[in-house]
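Readers should treat all values here as calculations from the given coordinates under stated rules, not as data from a laboratory. Quick caveat, the model's predicted, so the values are computed rather than measured. With ideal geometry, Cβ positions are generated from the backbone for all residues, glycine too; neighbour counts draw on all protein chains shown.
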DNA sequence: TTTTATCATCGTAATATTGCAATGTAATTA
DNA sequence: TAATTACATTGCAATATTACGATGATAAAA
């Protein structure tokens, strides 16, 4: 019914799915990549960089912030966003854990 | 308006986002993990394993198959699904590419 | 103080996703 | 052949996501 039955799955499966949603939209990937590129922790220059409306960017930033992937700090009238490298490490670990499960039990020709 | 503006982003950003959607639901993660665990390329035992209806499982399997992450081969009346390890390597590469971008330009204390 | 700049939030419209019952299809079995 | 088994597809209903205009809040500038 449009609602995910989270109670059927493990906490880790739900967490991984939740974090994957952060990457499940090209705008959020673009935002993350831009934050990485311009290390200076840039703010709403993103509105110019991507072609989306300010409200839309703000919404994507909020999702990334809610998931903990980025942090925002007030800088006068504007706001500096940047990668939360601690959380990032955790995410990387979760994904690599999934990837390793496959790598370890499924070589190129052992499957099908 | 509920539709992603893919034309604003690069092909790689769109592809990564598309693939991330595969992981953006706990049921699909559970399916992938189960396929990995039971190397024997199991079929609709998944309906018992997860608590979801047959139609729902079938739908998730289709999405994973459309993205190329799994393959299905007819085995009499039932169907054997299994990981497509080739595609899996590619996905792993894409995600690691994103992770590395962060790792290389953003150490634990250089940000914010 | 008034204006301007920078963001966040609200409200709304459009589209996407999730889930399942019902039904359809193909192979197996009785 | 008729019944059964194993899935896929279809057709909803409910919820989630994406996008943006309008509005609000806050800080700097005039």
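For this structure, a couple of remarks:
- Scope segment B:27-49; condition within 17 Å of the chain's Cα centre (by Cα) and closer than 21 Å to residue A:5 by Cα; matching residues: B:27, B:28, B:29, B:30, B:31, B:32, B:33, B:34, B:35, B:46
- Residue within segment B:21-38 that is more than 9 Å from DNA strand C (Cβ to nearest atom), facing chain A (nearest Cβ under 10 Å), in contact (Cβ under 8 Å) with a residue 24 or more places away in the chain and within 13 Å of residue B:91 (Cβ to Cβ) present: yes
- Between B:94, B:52, B:69, the distinction of being in contact with a strand residue (DSSP E or B) (Cβ under 9 Å, 6 or more places away or on another chain) and under 21 Å from residue A:20 (Cβ atoms) belongs to B:69 only.
- Selection count where residues are within 11 Å of DNA strand D (Cβ to nearest atom) and at the interface with chain A (Cβ under 10 Å from one of its Cβ atoms), scope segment B:72-96: 4
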